[in-house]
Amino acid sequence: MVITIEQLTSLVGATKAKLMIDELNICFEKYNINTKLRICHFLAQALHESGGFSVFTENLNYSKDGLLKTFPKYFDSITALKYARNPMMIANRVYANRMGNGTEESGEPSKYIGRGIFQNTGKNNYKKLTDEFKVDFITTPTLLATPKYATISAGFYWNTNSLNNFADKDDVLTITKRINGGTNGLDDRTNWLNKCKKIII
């Protein structure tokens, strides 16, 4: 079971469809995303997470107010003003000393920001993907933001978390929680799922 260029074009337009079609079908074959329902659920999550296959790199360009709202643990009114609109500084602060990253001063946290369709974040995850695909994402982390590795890394995450099982049950809520850690964007994910079903099923 594969998705056709016509089906994908109906979802994201011709330009993005041409960019993504081969990578998606390679991913689907490798990770047994091989029924219409599995494909619909994968695409629904992928399209939400990537803004319709537009964004493969985390956007940390927060305003002062955005920092205080999103990362209250890491910023107060003074530090938020200092860090606002500086994505690299923000990443180095909020991702320091966790997920395998070094200190804020090391620069590692901003090197391993979220990349790929499902936003792989942190040095530990980049190392895991390096070991899996035998590609050095530690040295060249931006490779994860290319269509090829953005897609196949999402398939790896999908497979590792046994999400085909929940797709078979048509369980968008559990899949969302496994990918997001909560239910952010559930309505949009569900809307994408319904669009995919109309086109693919």
For this session: Take the Cβ-Cβ distance between residue 32 and residue 59 as r, set R0 to 30 Å, and report the resulting FRET efficiency rounded to the nearest 0.05.
Result: 0.40
Problem set entry | Karplus-derived HN-Hα couplings along the range 45-50 (A = 6.51, B = -1.76, C = 1.60, θ = phi - 60°), whole Hz, x at Gly and Pro | 5, 5, 5, 5, 5, 9
Seminar exercise, completed: For 178, 38, 98, ascending order of other Cβ atoms within 10 Å (fewest first) is 98, 178, 38
For this session: For the chain, just the Cα set please: Rg and Dmax, both in angstrom.
Result: 17.5, 54
Problem set entry | Protection proxy ranking of 19-26, 49-56 - average other beta-carbon atoms within 10 Å, highest first | 19-26, 49-56
Exercise. What is the list of residues in the range 102-127 whose amide nitrogen lies under 11 Å from a point 7 angstrom out from the Cα of residue 82, following Cα to Cβ?
Worked result: none
Problem set entry | Cβ-Cβ FRET estimate between residue 186 and residue 133, R0 fixed at 35 Å, reported to 0.05 | 0.70
Problem set entry | Mean separation of Cα contacts under 8 Å (6+ apart) over length of the chain, as relative contact order % | 25 percent
Problem set entry | Principal semi-axes in Å for the range 2-116 [√(5λ), Cα gyration tensor, largest first] | 36, 16, 12
Problem set entry | Order of 200, 39 - criterion: other Cβ atoms within 10 Å of each residue's Cβ, fewest first | 200, 39
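Peptides 85-92, 182-189: what's the order by average Cβ count within 10 Å, highest mean first?
My ranking of the peptides, most packed first, is 85-92, 182-189.
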For this session: Can you give me the three principal axis dimensions of the range 64-113 from its C-alpha atoms, in Å, biggest first?
Result: 28, 17, 15
Seminar exercise, completed: Here the cysteines of the chain lacking a cysteine partner under 4.7 Å (Cβ to Cβ) are 27
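Bear in mind that the values in this text are calculations on the coordinates, not laboratory data. Everything numeric here is computed off the predicted structure, so don't read it as measured data. Quick reminder, even Gly has a Cβ in these numbers, built from the backbone with ideal geometry, and neighbours come from all protein chains shown.
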